[in-house]
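Peer 1: Before anything else, here's the structure in question.
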Amino acid sequence: MVKTDLSRLRAVIAKNRRWDLIFGGIGLLATMLGVVVLTVLFVDLVIDGWSRLRPDFFLNFPSRHPERAGILSAWVGSALVMLVTALTAVPLGVAAAVYLEEYAPKHWITELIEVNVSNLAAVPSIIYGLLALGLFVYLLGLGHSILTAGLTLALLILPIIIVATREALRAIPVSIREAAYALGATRWQVVSNHLIPYASGGIYTGVIIGMARAVGETAPIITIGALTFIAFLPPAPFTGDPPAGPFDWLFSPFTVLPIQMFNWLSRPQAAFHVNAAATGIVIIVATLVMNGIAIWLRARVRRNLKW
Amino acid sequence: MTSETTPSQQGESYLDRIRAMRRVRNARERLVEGILFLAAFFAVAVTVAIVAILLYEGAVFFRHVSLVEFLTGTQWTPLFENAHYGMLPLLTGTVVTSVIAFVVAAPLGFLIAVFLSEFAPPRVAQVLKPFLELLAGIPTIVYGYFALLFVTPLLQKIIPDLAGFNMLSAGLVIGLMIVPYVASVSEDAMRAVPMALREGSYAMGATRFQTALRVVLPASFSGVMAAFVLGISRAVGETMVVAIAAGQQPNFTFDPREPAATITAYIVQVAMGDLPHGSIGYQSIFAVGLVLVVITLFFNLLGQMLRKRFREVY
């Protein structure tokens, strides 16, 4: 009697253990699938595009001849657009986060802002393109320029920077604030002398992740009407005839890396697909490096912070 | 200087100086607070601007096209001589690709979340999670390349009559793309479940599998649902993968083997062309954009509601 019960019990336990193992195995497989996809994607791109990754690829303008075409105007355009994006989105995002975390009283306006920030993070990127097309390009008359693209991407990554900055601020213990207030510091002194410096690791992480997102973003830039064939560079300040002003490059037509890749990918000839793959390698390396730095930075900040 | 200042007078002037400094300081404080508030309120302004621009530009379109034709017509040919403005073909394209993406992303994302939060030793999870984050950071244009030139040829070996542009491949790749997102939101929800519940379950002799399915999942159910809903919203708004791999022909069909355009792919197609600003074809992208915003807004609000619920329980 006791013996049969025991063996039945053993069977039940064995069955449960088996299921536990099977499910763990399936879970591991599913997770590894992510790693596999990342690897396959990267290897596929490298196999297709490696042959074009020579110095002249970075120094040539796009061309009708696939073997002579390069990404000079694209990477310069990407760099300049990123510059505009960073200069707009970082101050705005950090300021908004500081207000929401340190100043905002609890009432309906704050609530409204909170709902809007989390909602903006989920608005499809192409909608930002439509906003920019209607607002920046036509209403404000900024044209299909580097400035328009930079501002558009700034709007797009604003929620990322706000959320990251808020998390970094929230991680700072209240005792730091209390100590500073006890010494007679004003709110802005507490924020600017203590909170922002202590949160800087987290803020950098958010900014880098946001910029990595912006580098690869294609849809909104297409929507504002970036040209795909650009065989010149934006005017450098004080060059040319008549000399360009210091900010003329802001209003120059441009192309960026993902647009160039899309353009080559849309052509039927396989030779252009090789160029697209090579551009893809450049984009993916840029975003992986940026995201990698952000992940590393975050891990380091978390390890070093012992309040 | 003839008159001597007494110590009390010195104190007075010192106090005056402090008062003046404090006035300046307080003014600066208020100014800073005002600037910071404006920065935060900017988020509301952007939302308002999005809706206003879409309505303003879409209005031109709806002056020429009836809402009934727009929402129920089965032909979408605004760029042709004989123009029809029924957006159902764009909707079917969007629905088919999103459903395929959901079928891929929901189970995979869920399994990964359970594995990382309940099964994996912390050290393994610490190594695997950054990989998922990197995967989430890959630009969509690269996924588009992957769908067109890797997944489609692969699928054509299994399904010989698959078109070169098709919704199946685009949907599958969007699914893979949103897996990390679904996984991370679900995992957050599972981590929010208090340890005491798990400990109680283990103390009763339950295995990890039983604890995960019967204790952790019910406790984090609304969070997992939120992950699914927010995942769908991402799939609906995804642009480059469908624009590259699904073709850009509006096609009123539910057959995933066929090419079709989604709402987003249509916007890209028009933006790439050189239609003049103000023509109906041009304004039509704002009209379909409005529909896209309404759809994604619905899923986002639903997702955020569900997400809030699991946060409030404990």
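The values are calculated or read from the model by the stated rules, or taken from the named source; none is laboratory data. Remember, predicted model here, so these are calculated numbers, not experimental data. With ideal geometry, Cβ positions are generated from the backbone for all residues, glycine too; neighbour counts draw on all protein chains shown. Please note that ligands, DNA and RNA were not included when accessible areas were found on the heavy atoms of the full protein model with its side chains. Shrake-Rupley method; radii C 1.70, N 1.55, O 1.52, S 1.80 Å.
Peer 1: Using just the alpha carbons, could you tell me how many Å³ per residue the convex hull of region A:9-117 encloses?
Peer 2: Residue-normalised Cα hull volume stands at 250 Å³.
Peer 1: Compute, for chain B, the length of the dipole vector about the Cα centre, with Cβ point charges of +1 (Lys, Arg) and -1 (Asp, Glu) only. Units Debye, rounded to 20.
Peer 2: 1020 debye
Peer 1: Roughly what percent of Cα-Cα pairs across region B:47-141 reach past 18 Å?
Peer 2: The answer is 69 percent, as a whole percent.
Peer 1: Now a separate question. Mind checking which of B:Val229, B:Ala196, B:Val216 is farthest towards the positive end of chain B's charge dipole, using Cβ charges of +1 (Lys, Arg) and -1 (Asp, Glu) about the Cα centre?
Peer 2: About the Cα centre, the residue reaching furthest to the positive side is B:Ala196.
Peer 1: Moving on. Under the definition of partner shielding as Cβ atoms of other protein chains within 10 Å of a residue Cβ, what is the mean value for peptide A:217-224?
Peer 2: 6
Peer 1: Further question: Based on Cα coordinates alone, diagonalise the gyration tensor for chain A, multiply each eigenvalue by 5, take square roots, and list the semi-axes in whole Å, largest first.
Peer 2: The equivalent ellipsoid of chain A has semi-axes of 42, 34, 18 Å.
Peer 1: Considering the convex hull of the alpha carbon atoms of chain B, report its projected area averaged over all viewing directions, in nm², one decimal.
Peer 2: Its average projected convex-hull area is 30.0 nm².
Peer 1: Based on the Kirkwood radius over alpha-carbon pairs, what value in µm²/s does the Stokes-Einstein equation return for the translational diffusion coefficient of region A:187-240 at 4 °C and 1.567 mPa s?
Peer 2: Rounded to a whole number, D works out at 85 µm²/s.
Peer 1: I've got another one for you. Rounded to the nearest 500 deg cm²/dmol, what is the calculated helix-only ellipticity per residue at 222 nm for chain B, with -39500 (n - 2.57) per DSSP H run of length n ≥ 4?
Peer 2: -24000 deg cm²/dmol
Peer 1: Given the peptides B:85-96, A:263-274, arrange them by the average over their residues of other C-beta atoms within 10 Å, most packed first.
Peer 2: B:85-96, A:263-274
Peer 1: List the residues, sorted by chain then number, that are 5 or more residues from B:Trp76 or on another chain and whose placed amide H is less than 5 Å from its amide H.
Peer 2: B:Gly86
Peer 1: To the nearest whole percent, what portion of all C-alpha pairs in region A:2-50 is separated by more than 12 angstrom?
Peer 2: Cα-Cα pairs in region A:2-50 separated by more than 12 Å: 73 percent.
Peer 1: Next question. With a Cα-only, solvent-free Debye model of the protein assembly as shown, what are the log10 I(q)/I(0) values at q = 0.05, 0.06, 0.07 Å⁻¹?
Peer 2: Here log10 of I(q) over I(0) equals -0.27, -0.38, -0.50.
Peer 1: Could you give the size of the charge dipole of chain A about its Cα centre, using +1 on the Cβ of each K and R and -1 on the Cβ of each D and E, expressed in debye and rounded to the nearest 20?
Peer 2: Value, rounded to 20: 1420 debye.
Peer 1: Just reorder B:Tyr56, B:Tyr145, A:Tyr138 by solvent-accessible area, largest first, 1.4 Å probe, all chains present.
Peer 2: Largest accessible area first, the list is B:Tyr56, A:Tyr138, B:Tyr145.
Peer 1: To one decimal place, what orientation-averaged projected area in nm² is obtained for the convex hull of the Cα set of region A:178-307?
Peer 2: One quarter of the hull surface, i.e. the mean projection, equals 12.9 nm².
Peer 1: For the protein assembly as shown, build the charge dipole from Cβ charges (+1 Lys, Arg; -1 Asp, Glu) around the Cα centre, then report which of B:Thr262, B:Thr77, B:Val24 sits farthest towards its positive end.
Peer 2: Of B:Thr262, B:Thr77, B:Val24, it is B:Val24.
Peer 1: Here's a follow-up. For chain A, what does the helix formula give at 222 nm: sum of -39500 (n - 2.57) over DSSP H segments with n ≥ 4, over the residue count, nearest 500 deg cm²/dmol?
Peer 2: Per the formula, -23000 deg cm²/dmol.
Peer 1: A further question follows. Tell me the Rg and the Dmax, in Å, that the Cα atoms of region B:198-314 produce.
Peer 2: 21.2, 70
Peer 1: Rounded to the nearest 0.05, what FRET efficiency is calculated for A:Ser200 and B:Ala196 with R0 set to 41 Å and r the Cβ-Cβ distance?
Peer 2: About 0.70, to the nearest 0.05.
Peer 1: Using a 1.4 angstrom probe with every protein chain in place, what is the largest-first accessible-area order of A:Trp188, A:Trp108, A:Trp19?
Peer 2: Accessible-area ranking of A:Trp188, A:Trp108, A:Trp19, largest first: A:Trp108, A:Trp19, A:Trp188.
Peer 1: Counting just the Cα atoms, what span does region A:113-161 cover along each of its three principal axes? Round to the nearest Å and put the largest first.
Peer 2: 31, 18, 17
Peer 1: Tell me, what ³J(HN,Hα) does each residue in region A:21-30 have, in order and in whole Hz, if you take phi through Karplus 6.51 cos²θ - 1.76 cosθ + 1.60 with θ = phi - 60° and put x for Gly and Pro?
Peer 2: These are the phi-based 3J(HN,Hα) values: 5, 4, 5, x, x, 4, x, 4, 4, 4 Hz.
Peer 1: Please report, in whole Å³, the volume per residue of the convex hull around the C-alpha atoms of region B:169-250.
Peer 2: It comes to 90 Å³ per residue, whole-number rounded.
Peer 1: Tell me, what is the FRET efficiency for B:Leu31 and A:Leu87 to the nearest 0.05, using R0 = 25 angstrom and their Cβ-Cβ distance as r?
Peer 2: 0.70
Peer 1: Need one number: the % of Cα-Cα pairs in region B:52-209 sitting beyond the 20 Å mark.
Peer 2: Distances greater than 20 Å cover 67 percent of the Cα pairs.
Peer 1: Averaging the inverse of every distinct alpha carbon separation and then flipping it gives the Kirkwood radius. What is it for region B:75-127, in angstrom units?
Peer 2: Radius from the Kirkwood sum: 14.4 Å.
Peer 1: Size of region A:69-228 along its principal axes in angstrom, Cα-based, largest extent first?
Peer 2: If we take the Cα atoms of region A:69-228, the spans are 62, 35, 24 Å.
Peer 1: A further question follows. Calculate the length of the line joining the C-alpha centroid of region B:58-106 to that of region B:211-241, in whole Å.
Peer 2: Their Cα centres are 27 Å away from one another.
Peer 1: First select every other residue whose beta carbon is under 14 angstrom from the beta carbon of A:Gly25; then total the charges, Lys and Arg +1, Asp and Glu -1.
Peer 2: Net charge around A:Gly25: +1.
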